[in-house]
Amino acid sequence: MPDKQAVRPGYNFAFLDEQTKKEIRRRILKAVAVPGYQVPFASRELPIAQGWGTGGLQLTLALVGPGDVVKVIDQGSDDVVNAVNIRRLLLQTTGVKTTEDTGAATLIQTRHRIPEERLREEQALVFQVPYPEPLRRVEPSEVKTREMHAEADYSRLWVFLYEDIVRWREITIGAQYPVLVNGRYVMDPSPIPRWDIPKLHMAANLNLFGAGREKRIYAVPPYTRVEPLAFEDHQFRVESFDGKHCAVCGSTASFLDELIDDHTGARRHTCSDVAYCAKRHQLLSENGPGAGRQTGNETGGGA
Amino acid sequence: MLDVSRFDPVFDSQRVFRRILGCMARPGKVDFLVPEESGFAPDRAVVVVALTLLDEETTFAALGEGKDRLARFCSLIAGSRMVPSGQADFVFVSGAKACPEITDLCRGSLLFPDRGATVVCRVAALRSETHERGVRLRLRGPGVKGEASLGVAGLARENLAYLREANNEFPLGVDTILVSADGRVACIPRSARMAWD
Amino acid sequence: MGYVPVKGGREAIEAAEDLVRYFRVRGGSAPLAAQQIQDQMRLAVDRVMGEGGLYAPFHAAVALKQAEGDTVEASFVLRAYRSTLPRMGYSTVTDTREMTVIRRVSAAFKDVPGGQVLGPTRDYSLRLLNLELAEEDSRQIEAFLARYRPRPDGGERPRSFPKVVDMLRAEGLLAEYATKPEPDVIPDLTRQPLTFPASRPVRLQSMARSETGGLMTLAYSSMRGYGNVHPTLGELRVGYVPVSVPHRHRAGSTVAIGRVLVTEAEIIARMDETEAKTSPRFTLGYGLCFGHNEIKAISTAVLDRTMQNAAGAAPAEDEEFVLYHADGIEASGFTAHWKLPHYVTFQSVLDRLRRMQDLAGEEKTQGEDTDDAG
């Protein structure tokens, strides 16, 4: 049950007024019905700045109820200041239970990562999106990109990728790699690393995307095809961590952060998904080495 | 109809929305909108959907049986504006009788497919498996792992054909929320491919 | 990587909040009363109300205090507060002809019916830094107020004036615009998404909430020649307009619920050659914003006109360019968001760069091999 003590008085449950929630809820339903299509919405100002997760937060606030358990991550971590700040706002306006355990959450709001632990059917993942328009790379005008989506005319993006290969022999897009959803709409998956892209494909959970400043909502329903744009002779590839492992939990099957030692300048790596790493670390210390042996099945990355 | 004062605009609408969303994201899934023990109150589930999704920013139309009562409710309680069915954001239909207007509802445009209508369709009963008195729907597409089965009683086969026609030019189309007299809900988004026996 | 605290984010945030407060009050001077800000920082309050999209002078004053005078930050706080307020209803259309004018000037005519009313303006003040203000005390203020009487022909005395554009219109010199829309079909930008092409009411609503400096920059770019419409200021008015709402129980009648201070600008522009269909006429650009903010009203009016240019190629003529980039809350939020950690995306980009370097290395080695063979 919600923690009534934590709630700041004078505000509606989940901050937004009920008409605003209704509007967002109506748009979410349309986003789910047309996977990958960007639904425009009015977007409200929140007490955090635009560009800092207001789109994801508006979705979360329209979704959340007293029975939810919420997890908030930024760059894979529950403890980065921005994640802490958003969780604090959620707590102060709803009093709902929060968790760092991916498996225990019903609603997860994220910036730039998909948790390593596979999500289940009843969970919803809410992404904070800075640029909802995957065609912005090739066309600055909203009127024109909307026409391109209407006609499913993605030729300019294909040319962009092709020219990349001609010039560099590889597609140079790092994070935020464009995907084709349900065979119809090209979609921006938010700036998640390529590592996370395979996790979207036929996922069991509902994925919702909110761009507050750009005023767009879109969705990937469960069990929906999500294919990164690629050429037959230039396959899509996730980030390579060949020969590297997490210095904390030893994982060789998770997205790693690269750290530079303050004193020696030496590089080491740790899991970007801090909660996943902590869980593995605990498992290892309880059951000894071998307990954390990875089959590679638990993550979509590297698949 | 429903004693509106018993509907909590904050918490009931949140709960009802999440269930509708769960069903819209998983075509074929059946969930409860009103507690089973609340007894038989036809239209109660429809009213709950209207209170959850409609307000003064939306337009609606009501077709078929009970349309006048519903129209009064939507404009007075939800504050929504009644318009001809071809222009409405929400269209309430009664599933039992053929409703050819379904093929003339707003399907959105290629630029803005989200402007396609939401159909709220009243049926007698909804089950995950075949319903003895009804039609068995088979659904495929986003949200469905393989194929989903949905048993619906009180939905004329003509209406299924009309819905399929309305949705034959994806991404244009209408999205359907089926609500049953026994308080259950299931959804057929336009992305679903639909067949029936 | 000391930049990203692995644990303790909450303590860091709270410590930062304490520091903000400390930096505001550490000088030890008497606290600023919101009422003082409301009275004496009048133009900042007006600007914050406009950009915050909420007519609430007291709340705007508190927001300015909270933001230590940063108007973008204060507008942001006010807009966030606005998101929590339920919509009670819509007002009826206000006719600005009913404005109780405190200032009204026209640049189009030497003499206009009703006359030029300078009102409270600094336009003709010499901008000499007034160091006497540093010594101002309440006795001086009291003495001034006891001495000062608004002049009978202006000041605070309520009066309304014929509009310059009405006179031009009566002579058939002005292009005709759509008749007054019904209140229930006026779109509401804060409730419906901004899509393109945007209707004129949506453009005007969007600019009413835009950042003054952003609008000024875009309008100025047009005045200098990027999509020039050669404006003449037909009329600039500052004053109070009544706000009414429909009566809840008596259909057709309205109830006045108060008044708001607004600035209204109407600019008259030359006919565009491409638009010549009938006999040549002037065209109009319109701007209205909350409070006393003349730069904003004039900029809005200029941009309202430039965006009507059919085949415009200049930024000020492109509605997407103007409406997407002039909102201070959106622009400042995104500009500030680069301070957020981006190390996951950076790692991803790093992976690509290393791969490119490897490929380039391979190519070079291959090239050298070929050279050797040759």
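If you filter region A:39-61 down to residues that are assigned to a helix (DSSP H, G or I) and of a type in the set (G, A, S), you find that the one that is farthest from the other protein chains (Cβ to nearest Cβ) is A:G56.
The set of residues in region A:66-83 being without any contact (Cβ under 8 Å) to a residue 24 or more places away in the chain and either open to solvent by less than 10 Å² (accessible area, probe 1.4 Å) or more than 9 Å from chain C (Cβ to nearest Cβ) (or both) consists of A:V80 alone. For region A:16-38, does any single residue satisfy the condition of being over 26 Å from B:S80 (Cβ atoms) and not basic (K, R)? Within region A:16-38, one or more residues are over 26 Å from B:S80 (Cβ atoms) and not basic (K, R).
Among the residues making up region C:21-63, a single one is under 17 Å from C:G291 (Cβ atoms), open to solvent by 90 Å² or more (accessible area, probe 1.4 Å) and aromatic (F, W, Y): C:F58. Residues in region B:12-30 that are modelled with pLDDT of 95 or more and open to solvent by 20 Å² or more (accessible area, probe 1.4 Å): B:R15, B:R18, B:R19, B:R26, B:K29, B:V30. Has region B:129-145 got at least one residue that is touching a residue at least 60 places away in the same chain (Cβ under 8 Å) and among the hydroxyl-bearing types (S, T, Y)? No, region B:129-145 has no match at all. Of all the listed residues (C:E294, C:E317), the sole one being open to solvent by less than 70 Å² (accessible area, probe 1.4 Å), among the acidic types (D, E), more than 14 Å from chain A (Cβ to nearest Cβ) and within 22 Å of the chain's Cα centre (by Cα) is C:E294.
Among the residues of region C:325-347, which ones are in a helix (DSSP H, G or I) and without any contact (Cβ under 8 Å) to a residue 12 or more places away in the chain? C:E330, C:F334, C:T335, C:A336, C:H337, C:V344, C:T345, C:F346, C:Q347 - these are the residues of region C:325-347 that are in a helix (DSSP H, G or I) and without any contact (Cβ under 8 Å) to a residue 12 or more places away in the chain.
If only residues of region C:114-137 that are open to solvent by less than 100 Å² (accessible area, probe 1.4 Å) and not in a loop (DSSP other than H, G, I, E, B) are counted, the one that is nearest to C:R42 (Cα to Cα) is C:A134. Given the structure, is B:R107 part of a strand (DSSP E or B), open to solvent by 20 Å² or more (accessible area, probe 1.4 Å) and basic (K, R)? The answer is no for B:R107. Any residue that is of a type in the set (D, E, K, R), surrounded by fewer than 16 Cβ atoms within 10 Å (Cβ to Cβ), modelled with pLDDT of 95 or more and not in a helix (DSSP H, G or I) - is there at least one of those in region C:64-71? Yes, there is a match, as at least one residue in region C:64-71 is of a type in the set (D, E, K, R), surrounded by fewer than 16 Cβ atoms within 10 Å (Cβ to Cβ), modelled with pLDDT of 95 or more and not in a helix (DSSP H, G or I). No other residue among C:S125, C:S160, C:S138 is among the hydroxyl-bearing types (S, T, Y) and modelled with pLDDT under 85 apart from C:S160. In region A:1-38, the qualifying residues are those that are surrounded by 22 or more Cβ atoms within 10 Å (Cβ to Cβ) and facing chain C (nearest Cβ under 8 Å), and the one that is farthest from B:G116 (Cα to Cα) is A:F15.
Kindly establish whether A:T145 is within 14 Å of chain C (Cβ to nearest Cβ), among the β-branched types (V, I, T) and not in a loop (DSSP other than H, G, I, E, B). The answer is yes for A:T145. Here C:L350 passes the criteria (1) in a loop (DSSP other than H, G, I, E, B); (2) open to solvent by 30 Å² or more (accessible area, probe 1.4 Å); (3) within 8 Å of chain A (Cβ to nearest Cβ) except the one numbered (1).
B:A96 fulfils the conditions (1) part of a strand (DSSP E or B); (2) away from chain A (no Cβ under 14 Å) except for a single criterion, (1).
Looking across region C:353-363 at every residue that is more than 47 Å from the chain's Cα centre (by Cα) and of a type in the set (A, V, I, L, M), the one that is nearest to the other protein chains (Cβ to nearest Cβ) is identified as C:L359.
Evaluated against (1) without any contact (Cβ under 8 Å) to a residue 12 or more places away in the chain; (2) under 23 Å from A:V143 (Cα atoms), C:V255 falls short on exactly one condition, (2).
Restricting attention to region B:31-51 and to residues that are over 14 Å from B:A186 (Cβ atoms) and part of a loop (DSSP other than H, G, I, E, B), the residue that is modelled with the lowest pLDDT turns out to be B:F40. Between B:E147, B:E158, B:E132, the distinction of being within 21 Å of A:V34 (Cα to Cα) and more than 14 Å from the chain's Cα centre (by Cα) belongs to B:E147 only.
The values are calculated or read from the model by the stated rules, or taken from the named source; none is laboratory data. Note that the coordinates shown come from a computational prediction; the quantities given were computed from them, not determined experimentally. Cβ atoms come from the backbone with ideal geometry, glycine included; neighbour counts cover every protein chain shown. These area figures cover heavy atoms from the full protein model, side chains too; ligands, DNA and RNA do not enter into them. Shrake-Rupley method; radii C 1.70, N 1.55, O 1.52, S 1.80 Å.
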